[in-house]
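Undergrad: Sending over a structure as C-alpha cells; questions will come in a sec.
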Amino acid sequence: MNGKLYIVPTPIGNLKDITFRALEILKEVDVILAEDTRTSSKLLKHFQIEKPLRAYHMHNEHKTLEAVVKELHQGRQFALISDAGTPAISDPGFLLVREAIRENILVETLPGATAFIPALVNSGLAAHSFAFEGFLPVKKGRQTKLKELVEEKRTMVFYESPYRIVKTLKDFEEYFGNRQASVSREISKLYEETKRGTLQELAAYFNEKTPKGEFVICVAGK
C-alpha cells in the first residue's frame, strides 16, 4: 500500500500563523522533509514535535527524489516543509509532487501561509486577476523577461532579496514606466512594513533606507 505525501505550509513570520491541521500532520507522519533542517528544527522544537527530519532542498532534490518515492511506495508518510510559506512556491517541492503524481502516490497540499497573497491584497492594486512571477532572473534572461512583461495588463507580483530591491525597482521603472506599486517586507513579523507609491518613489525610499528582510513587490499592470 502506497504512503502519502503532505505539502505543509509553515509560518512566514509569526509562529501563531501555523494551522492546527498542519501541526496535526507534522505529528503524525513518519518523516519530515525540510529545506533547512536547522531552521525547521527550531519550529518543530517550539511545537514539541519529534520526528525524523531530512534535508530536501534545491541542491539535493534530484538525488533524493528516487529514495523518497521508494519509501512512499512502501507505505511511509512524508511531510514536505520549506523554511517559510508553502513549498513549491519559489521553493523546492515541484519535482517531488510531480514524481509522486506520476507514481500514483496520493499528494495532499494543506492551505496556509504564503507571502504574496497578503502583500497583493495590502497593495491596494487590482487583485481579482494577477500574474505571479516570483524571482526575476538575476542576469541571463532578465531583460527578456522584463520585455515580455511590458504589455502585461494584470497586477504583477515579484519576490526580491534586500540586496537587489533598489536595482529591481529601477529596472521596473525603466521598462514599465513610473507605475503605481507597493513593496511589502517582513510580512507577519515584528517589523512588517508596506510602502506604496510610484516605482520612482519606492526606489528612492529604499535607496535611502538600508533594506532588510524578504520583499514582495506588486506592480500595476499596463
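Undergrad: Which order, highest average first, do 145-152, 2-9 follow once you tally other Cβ atoms within 10 Å for each residue and take the mean per peptide?
TA: Top of the packing list down: 2-9, 145-152.
Undergrad: Please report the equivalent ellipsoid semi-axes of segment 148-222, computed as sqrt(5 x eigenvalue) of the Cα gyration tensor, largest first, in whole Å.
TA: Whole-Å semi-axes of the equivalent ellipsoid: 20, 13, 10.
Undergrad: Could you calculate, for segment 4-109, the ratio of the Cα radius of gyration to the Kirkwood radius, expressed as Rg to Rh?
TA: When Rh is taken as the Kirkwood radius, the ratio is 0.93.
Undergrad: Continuing with this model, one more query. Determine the relative contact order of segment 46-145: mean sequence separation of Cα pairs under 8 Å and six or more apart, normalised by residue count, in whole percent.
TA: 22
Undergrad: Which of the peptides 109-120, 10-21 is most tightly packed, and how do the rest follow, going by the mean number of other Cβ atoms within 10 Å of each residue?
TA: Values: 109-120: 18.7, 10-21: 15.6.
Ranked by mean Cβ neighbours within 10 Å, highest first: 109-120, 10-21.
Undergrad: With angles folded into 0 to 90 degrees, how steeply does helix 165-176 sit against the dominant principal axis of the chain? Use alpha carbons for both and round to 10.
TA: It works out to around 60 degrees.
Undergrad: Counting other Cβ atoms within 10 Å of each Cβ, which GluC sites (Glu not before Pro) in segment 38-134 have at most 14 and sit in a DSSP loop?
TA: Numbers: sites: Glu50, Glu61, Glu66, Glu71, Glu99, Glu103, Glu108, Glu133; in loops: Glu50, Glu103.
Passing sites in segment 38-134 are Glu50, Glu103.
Undergrad: So, in segment 31-185, how many Lys pairs have Cα atoms under 29 Å apart, if the pair is 8 or more places apart or on different chains?
TA: Taking segment 31-185 as the scope, the lysine pair count is 23.
Undergrad: Against the longest alpha carbon principal axis of the chain, how many degrees, from 0 to 90 and to the nearest 10, is the axis of helix 37-46 turned?
TA: The angle comes out at about 80 degrees.
Undergrad: Counting pairs of Cα atoms in the chain, how many percent are more than 29 Å apart? If you can, show how the numbers build up before the last one.
TA: On the way: 8537 of 24531 pairs.
So the pairs more than 29 Å apart make up 35 percent of the total in the chain.
Undergrad: Something else about it: R0 = 30 Å: FRET efficiency of Lys222 with Arg164, Cβ-based, nearest 0.05?
TA: Calculated value: 0.80.
Undergrad: When the helix-only estimate is applied to the chain (DSSP H runs of n ≥ 4, each -39,500 (n - 2.57), divided by the residue count), what is the mean residue ellipticity at 222 nm, nearest 500 deg cm²/dmol? Present the calculation step by step, with values, prior to reporting the outcome.
TA: On the way: 8 runs with 79 residues, N = 222.
Calculated mean residue ellipticity at 222 nm is -10500 deg cm²/dmol.
Throughout, read-outs are computed from the coordinates displayed, never taken from laboratory work. It should be emphasised that the depicted structure is a prediction, and the values quoted were computed from it without experimental measurement. Positions of Cβ are generated from backbone atoms using ideal geometry, with glycine treated the same way; all protein chains shown enter the neighbour counts.
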